[in-house]
Amino acid sequence: MSKKTLFLQGNEACVEGALYAGLDFFAGYPITPSTEIAEMLSMRLPKKGGKFIQMEDEIASMCAIIGASLTGHKSMTATSGPGFSLKQEAIGYAVMAEVPCVVVDVQRGGPSTGMPTKVSQGDVMQTRWGTHGDHAIITLTASNHQDLFAITVEAFNLSETYRTPVILLLDEVIAHMREKLVIPEKGEIPLVERLWTSVKEGTDYHPYLPREDGRLPMSDFGGVHRYNVTGLVHDMWGFPSEDPRIAYGLMRHLVDKIEGHVKEMTHVKEYYLDDADVVLISYGSSARSALHLVENRRARGERLGLLELQTLWPFPAEAVRKSCERAEYVIVVEMNMGQVTEEVRKVVHDHETVFLANRIDGTFISPTDIRNILRVVQGKGV
Amino acid sequence: MSVREYLRERFMPHLWCPGCGHGIIMNNLIRAIESLGIKKNDIVMVTGIGCSSRISGYLDFHTLHTLHGRALAFATGVKLARPELKIIVPMGDGDAIAIGGNHFIHAARRNIDITAIIMNNRVYGMTGGQFSPLSGYGTLATTAPYGNIYEAFDTVELARGAGASFVARTTTYHVRSMKEIIEKAIMHKGFSVVEILSQCPTYFGRKNKRGDAVEMLKYLKESTAPIGSERKRKNPALIERGIFVEEDRPEYCAEYEKIVEKAQKG
């Protein structure tokens, strides 16, 4: 039997991935360029008995998916820059209260209302530090629909494994571009289900007492164990505490459970890196132009390679460092003013070898744009 | 079941000031739930931020202490995901009507089966006595040292206008009717709003020279009257209390179930 093959938008590929992963609760609010995700789910979720709700605003959508996730449902919301800004306080709540959920941010030109229908990758740092306070976060992205499908599933898997919100960072080009998607068979991509507690009813359940491996078994809110969930610093029962030892332990746990598993969370794709003396680093839609340039130049005998990042946070420092070890030049291709470039500079051996190839005018960066910058870097003139 | 069984006694004494009305509300809320015979496991209590929101920590239900103003948004997620649960959302006046005003009117419009209890003490107590949308014109607050120039919302009219299918008002003086009203609100199928006028002797009372808790309770007795009563007719300035709206209207989760049926047929 041939697999189901579709020709669709990135936003639709994201929906297919989310449903494959077991999404059954979505709350959202209309915003360009992510609206198609809400539209599709309003059609698809009721068919499988899942819940779709259009809330009164972006904040409410984020809060609603947290509430739903606590009751044991895989939950998601989708938005774009301005809406993503509004959701930040509640994203911090999900971090603090350790509630699994997936937040899709389809990037558009910013800041503020910016360019709603134009592409940008300006939210990379907002996914990292958008909510207040020290914390760690997971941010994933992809450059084509097949990868987007798989990385959406991975977003749910990581979110359930580590009890944390995962940001799925797309951009307008990926979201609205149409290309082929082959839906994997059931079981082809493994799904992670929530770790439920084995504590029996009537026995003291500690919702915030990590096991030795750092994981916290959950009990469906509204089920057999009554406990407290709060955004305040809390003890192992979930009750507020101002004890410095408890505060310290919680802060370390929240950060370590992510920063201590960078390896497991790192998803990168490597193209022609073995002998590359010019390494391009890119992600999302701009990685398509980067790959095009690399293959074009390879055909002419130039030794270009590409490291495509699918995990942006926690930053895959080791993978970046290793890929850039032999490089004469490292060119970071992104549609912002160097948000990932700076991270690359922090981790490579010689930060002076790192250059930025970008566009910040709402126009999709082309292979020619990258080539022109590369020629300047190499002293060849435009 | 004894009333104490609903309390998380290890957190007593509570953090509310001496004379605060919130304890009276908590007491009557427990008594209402006890007389309805609802199991603790079937109740989810969702709160926001402020003095009022701490009530969730003291009660032995499934308790979700959330963000300032957002309790109803979280509660909506819980309710839609698990419609069989009873959802009770106690909120302060600033929490419910200022920062949470948008969620409040839309929860009412949606007529989702949630009980919203507004513990209205006319002040932001947790932050030390700033004016709220229910303080009223001419009142004093730490952020209105020359007098508040805002009119107060009429919570009952706001809830009614937004589409709540059960709307009531009572006070911390009228404990007997408070319990009955809360019972009816919890059993009502749809969005129910109970505004409870409460006293904050520490901030609102002191700043506005309203006397101690007893004086403030007396004021709640004297400044209110039952809906359509003789007293109200003689003195139109009195604030009415009682049940203003009690209607049977389509409830959101039930309507959503119909959507699921429609989608699955098609």
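Listed values, structure above:
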quantity	calculated
Computed accessible area, residue A:96, all protein chains, 1.4 angstrom probe, square angstrom	30 Å²
Antiparallel %, DSSP beta bridges [both residues in chain A], to 5	25 percent
Cα shape, segment A:123-180, gyration tensor, a/c 1.5 rule	oblate
Interface residues, segment B:224-266 - accessible area loss of 20 Å² or more versus chain alone, probe 1.4 Å	B:252, B:256, B:260, B:263, B:264
Additional length obtainable on full extension of the chain from residue B:189 to residue B:239, 0.36 nm per residue less Cα span	15.3 nm
Cross-link reach list, lysines versus residue B:209, counting only Cα pairs under 26 Å and skipping chain neighbours closer than eight places	B:218, B:221, B:232
For chain B: Kirkwood Rh in Å [reciprocal of mean 1/r, alpha carbons]	18.7 Å
Degrees, to the nearest 10: B:175-187 long Cα axis against longest axis of chain B	20 degrees
Pairwise label distance in nanometres, residue A:376 with residue B:143, each label 7 Å out on the Cα-Cβ vector	4.8 nm
Whole-Å semi-axes of chain A's equivalent ellipsoid (Cα gyration tensor)	36, 24, 19
Counted charge near residue A:330, where neighbours are those whose Cβ lies closer than 13 Å (Asp, Glu -1; Lys, Arg +1)	-3
Rg(Cα)/(2.2 N^0.38 Å) for segment B:162-266, N = residue count	1.47
Highest-MSF residue in chain A out of A:75, A:198, A:219 [GNM, Cα springs under 10 Å]	A:198
Per-pair calculated FRET efficiency, R0 = 51 Å: residue B:4 and residue A:179 via Cβ, rounded to 0.05	0.20
Helix B:22-36 vs. chain B, principal-axis angle (Cα, 0 to 90°, nearest 10)	30 degrees
Formal net charge of residues neighbouring residue A:85 (Cβ-Cβ distance under 15 Å; K, R +1; D, E -1)	-2
Qualifying chymotrypsin sites (Phe, Trp or Tyr not before Pro) for segment B:147-196 [loop in DSSP, other Cβ within 10 Å: at most 12]	none
Positions from segment A:220-234 whose accessible area shrinks by 50 Å² or more when the full protein complex is built, not the chain alone, probe 1.4 Å	A:221, A:222, A:226
Members of A:118/A:186; A:47/A:180; A:263/B:79 lying beyond 26 Å, as alpha-carbon distances in this model show	A:118/A:186; A:263/B:79
Cα-based shape type of segment B:1-85, given that a ≥ b ≥ c are square roots of the gyration tensor eigenvalues and the cut on a/c is 1.5	oblate
Of all DSSP beta bridges in the protein assembly as shown, antiparallel share, percent nearest 5	25 percent
Trypsin sites (Lys or Arg not before Pro) lying in DSSP loop within segment B:1-70, provided at most 15 other Cβ fall within 10 Å	B:39
Efficiency of FRET between residue B:231 and residue A:215 - r from beta-carbon atoms, R0 56 angstrom, step 0.05	0.35
Dipole magnitude of the protein assembly as shown, debye to nearest 20 (Cβ charges: Lys/Arg +1, Asp/Glu -1, about Cα centre)	1460 debye
For segment B:147-210, convex hull of alpha carbons as volume per residue, Å³	91 Å³
Gain in span if fully extended, residue A:196 to residue A:237, counting 0.36 nm per residue against the direct Cα distance	13.2 nm
Principal-axis tilt of helix B:71-81 within chain B, Cα atoms, nearest 10 degrees	20 degrees
Charge dipole of the protein assembly as shown about the Cα centre (unit charges at C-beta), most positive-ward option of A:83, A:132, B:203	B:203
Tensor-based shape of segment A:5-182 (alpha-carbon gyration tensor, a/c under 1.5 rounded, otherwise prolate or oblate)	rounded
Highest-MSF residue in chain A out of A:166, A:294, A:182 [GNM, Cα springs under 10 Å]	A:182
Antiparallel bridge percentage (DSSP; both residues within chain B; nearest 5)	20 percent
Cut-off 10 Å between beta-carbons: net charge of the residues surrounding residue A:175, Lys and Arg +1, Asp and Glu -1	-3
Accessible area expressed per residue, chain A, with surrounding protein chains retained (probe 1.4 Å, Å²)	39 Å²
Globularity index of the protein assembly as shown, i.e. its alpha-carbon radius of gyration over 2.2 N^0.38 Å	1.07
Compactness of segment A:192-302 - radius of gyration and Dmax, Cα, Å	23.0, 71
Rough spin-label spacing in nm, given labels placed 7 Å along Cα→Cβ, for residue A:113 and residue A:48	3.6 nm
Debye, to nearest 20: dipole size of chain B, +1 on Lys, Arg Cβ, -1 on Asp, Glu Cβ	300 debye
Computed over chain B: relative contact order in percent, which uses C-alpha pairs under 8 Å that are six or more apart	18 percent
Of all accessible heavy-atom area on the protein assembly as shown, the percent that carbon and sulfur account for (1.4 Å)	54 percent
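The values are calculated or read from the model by the stated rules, or taken from the named source; none is laboratory data. Since this is a predicted model, take the numbers as computed values, not measurements. Every residue, glycine as well, gets a Cβ built from its backbone with ideal geometry; the counts of neighbours run over all protein chains shown. Note: areas computed on protein heavy atoms with side chains; ligands, DNA, RNA excluded. Shrake-Rupley method; radii C 1.70, N 1.55, O 1.52, S 1.80 Å.
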